[in-house]
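What follows is a set of notes on a single structure, which appears directly below.
The values are calculated or read from the model by the stated rules, or taken from the named source; none is laboratory data. For clarity, every value in this text was computed on a predicted model and none was experimentally measured. Here the Cβ positions follow ideal geometry from the backbone for every residue, glycine too, while neighbour counts run over all protein chains shown. These area figures cover heavy atoms from the full protein model, side chains too; ligands, DNA and RNA do not enter into them. Shrake-Rupley method; radii C 1.70, N 1.55, O 1.52, S 1.80 Å.
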Number of protein chains: 4
Amino acid sequence: MPHQPRNASFAEEIKQSFAKQTIMALIGAELSRVEPGVIEITLPYRLDLAQQHGYLHAGIVATIADSACGYAAYSLMPAESEVLSVEFKVNLLRPAKGARFLARAEVVKAGKTLTIVRADVFAMDQDGERELIATMLGTMMCLR
Amino acid sequence: MPHQPRNASFAEEIKQSFAKQTIMALIGAELSRVEPGVIEITLPYRLDLAQQHGYLHAGIVATIADSACGYAAYSLMPAESEVLSVEFKVNLLRPAKGARFLARAEVVKAGKTLTIVRADVFAMDQDGERELIATMLGTMMCLR
Amino acid sequence: MPHQPRNASFAEEIKQSFAKQTIMALIGAELSRVEPGVIEITLPYRLDLAQQHGYLHAGIVATIADSACGYAAYSLMPAESEVLSVEFKVNLLRPAKGARFLARAEVVKAGKTLTIVRADVFAMDQDGERELIATMLGTMMCLR
Amino acid sequence: MPHQPRNASFAEEIKQSFAKQTIMALIGAELSRVEPGVIEITLPYRLDLAQQHGYLHAGIVATIADSACGYAAYSLMPAESEVLSVEFKVNLLRPAKGARFLARAEVVKAGKTLTIVRADVFAMDQDGERELIATMLGTMMCLR
């Protein structure tokens, strides 16, 4: 079922907020999709984002998934809100090995105070073949 | 109860492995304690590690906590092992606001295949006052 | 994508194993669907399964979701395996209020040692209207 | 650090609320300790609480841990509050094999709306020897 936004300018505000997340610029992540209840963030692989075997560090997988979850929740919040991550859990399904990564978050249940969001993270090779490498389930909070 | 290492050179190997985690250099994290079953990683705050309000991004909190958990598990594994994060959950208790951050991981239960680890992340102000800002509970896997 | 079972008699074995889970008889839960990678368990509401407000206790929500996850993982394991819950996380989305409950588990990624499973739990009213009340993400282990 | 209760009659209210959790009577669980920020629940093993190998079902482990977490959070909430489980994650460390079980919950951080709680579950043999079999990290919500 499609989600109904309560803040007409949610897309614009998410882009502005994302631009203030300085960590996104540091790692090279970009906001690639902004819809009510759905956010995608993409991240090209870089040699300086790796764990000891050269794969994307699990914490960076979590970083893009968490921002995607936060903005997916925010997209359904009323105007004048702030969003905060309460908790998230991530299962790492396969080595984070790829040319690019995509975190796709989708709201499971939007509430007045708490919103539950799920995110899948995919690795893409040079040909654009996708493989699911991680899945997150988290709780986001609305502050007014 | 103190943990008993099974790999005499665990400390040296953890230092070498940490040095290969290129993300640690990118964000400025350092390995500050290496003991059997216990690892600490410190991270000075920097303006380019932030979320939209200027606090340390939750994903970077998770990044140092996950590396600390992984090496805490690794410190108790036999020689010739590799460590892998299976999953972790992090509860974000307070805004990650501070001059420096410390992730302290401690093994809860070391197993042949799976090791369960807990990590606390503290924010420290200019005077060194500590405040708990996040807590992680995760599962690490031993590969031979 | 459909999952491919590796144990031809998985369905029979799951039914036999479920019958040995004495807690299922105590609470009145039944196995209602057994397919490769997908398991459903149903539970009629009873007054003696409640928390303080009369809703189904979150632990009983977790009980049926965990068994569903375990057997969903088991359905894709080779013959002569045992399944074990490593960890699970459950988000409780709405009060567990209904005439019947359905836990539906589906394998996210089946691995040699670890299998990641997601479960949704629905409450159904007298007319059979479904509402999602909880969602679980867990890790199951294969022992041979 | 000791927790400071804000509701003078918290202990009495917790006992009354626990008595209304009908599931506790069904499985035979008892409230064995009620202090500010700390709750213990004990459960004798019974043949009808088991999974397929005869051990206590992971969902019942979660049931006593979740109630312990909820009341630990509740013990620090103001009068006229209700407590609700938002989410919990449990890591199952060892088979839940024992004559009795003890869930001990302790508040990690009490907040106005959300309280984070940790619980350890121990198995005890006939001689009273304790072994840690599971650990939970959860989020509880205060409703007024």
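Computed from the alpha carbon atoms alone, the convex hull of the range B:79-144 holds 92 Å³ per residue. Suppose only helical runs count, i.e. DSSP H with n ≥ 4. What mean residue ellipticity at 222 nm does that imply for the protein assembly as shown under -39500 (n - 2.57) per run, divided by all residues and rounded to the nearest 500 deg cm²/dmol? Computed mean residue ellipticity for the protein assembly as shown: -7000 deg cm²/dmol. In a simple Cβ point-charge model (Lys, Arg +1; Asp, Glu -1; nothing else charged), the range B:2-56 has a dipole of about 60 debye relative to its Cα centre. Measuring against 28 Å, Cα to Cα, the residue pairs A:Lys20/C:Lys89; A:Lys89/B:Lys97; A:Lys89/D:Lys20; A:Lys20/B:Lys97; B:Lys89/D:Lys15 contain A:Lys20/C:Lys89; A:Lys89/D:Lys20; B:Lys89/D:Lys15 as the ones spanning a longer distance. Could you state the angle between the C-alpha long axis of helix D:10-20 and the longest principal axis of the C-alpha atoms of chain D, as a value from 0 to 90 degrees rounded to the nearest 10? Between helix and principal axis, roughly 50 degrees. Our note on the geometry: Cα centres of the range C:92-144 and the range A:119-144, 20 Å apart.
For chain C, the longest principal axis of the Cα atoms and the long axis of helix C:58-74 meet at an angle of about 20 degrees. A simple count of charges around B:Gly111, restricted to other residues whose Cβ falls under 14 Å of its Cβ and scoring Lys, Arg +1 and Asp, Glu -1, yields +3.
Across peptide C:68-76, the mean count of Cβ atoms from other chains lying within 10 Å of each residue's own Cβ comes to 1. The protein assembly as shown gives an Rg/Rh value of 0.94, both radii derived from C-alpha positions and Rh following Kirkwood. With the Kirkwood sum run over all distinct C-alpha pairs, the range A:1-70 has a hydrodynamic radius of 13.2 Å. Dipole check for the protein assembly as shown: with +1 at the C-beta of Lys and Arg, -1 at the C-beta of Asp and Glu, and the Cα centre as origin, the magnitude is about 0 Debye.
Taking all protein chains together and rolling a 1.4 Å probe, A:Arg6 ends up with roughly 140 Å² accessible. Less than 12 Å from a label point 7 Å out along the Cα-to-Cβ axis of D:Arg6: which backbone N atoms in the range D:101-117 qualify, by residue? Under cut-off, by backbone N: D:110-115. In a GNM of chain B with a 10 Å cut-off on Cα contacts, which of B:Glu80, B:Glu35, B:Glu13 has the highest mean-square fluctuation? Highest fluctuation among the options: B:Glu80.
Considering only D:Leu43, D:Leu93, D:Leu114, the Gaussian network model of chain D with Cα springs below 10 Å gives its largest mean-square fluctuation to D:Leu93.
Among C:Glu82, C:Glu40, C:Glu30, the largest mean-square fluctuation in a Gaussian network model of chain C (Cα springs under 10 Å) belongs to C:Glu82. A cut-off under 10 angstrom between Cβ atoms defines the neighbours of B:Leu26, and their net charge, with Lys, Arg +1 and Asp, Glu -1, is -1.
Under a model in which nothing but the beta-carbon of Lys, Arg (+1) and Asp, Glu (-1) is charged, the range B:75-144 shows a dipole of about 200 debye around its Cα centre. Computed over the range B:55-104, the range of Cα coordinates on each principal axis works out to 39, 21, 13 Å, biggest value leading.
Along its principal axes, chain B has C-alpha extents of 43, 26, 25 angstrom, given from the largest down.
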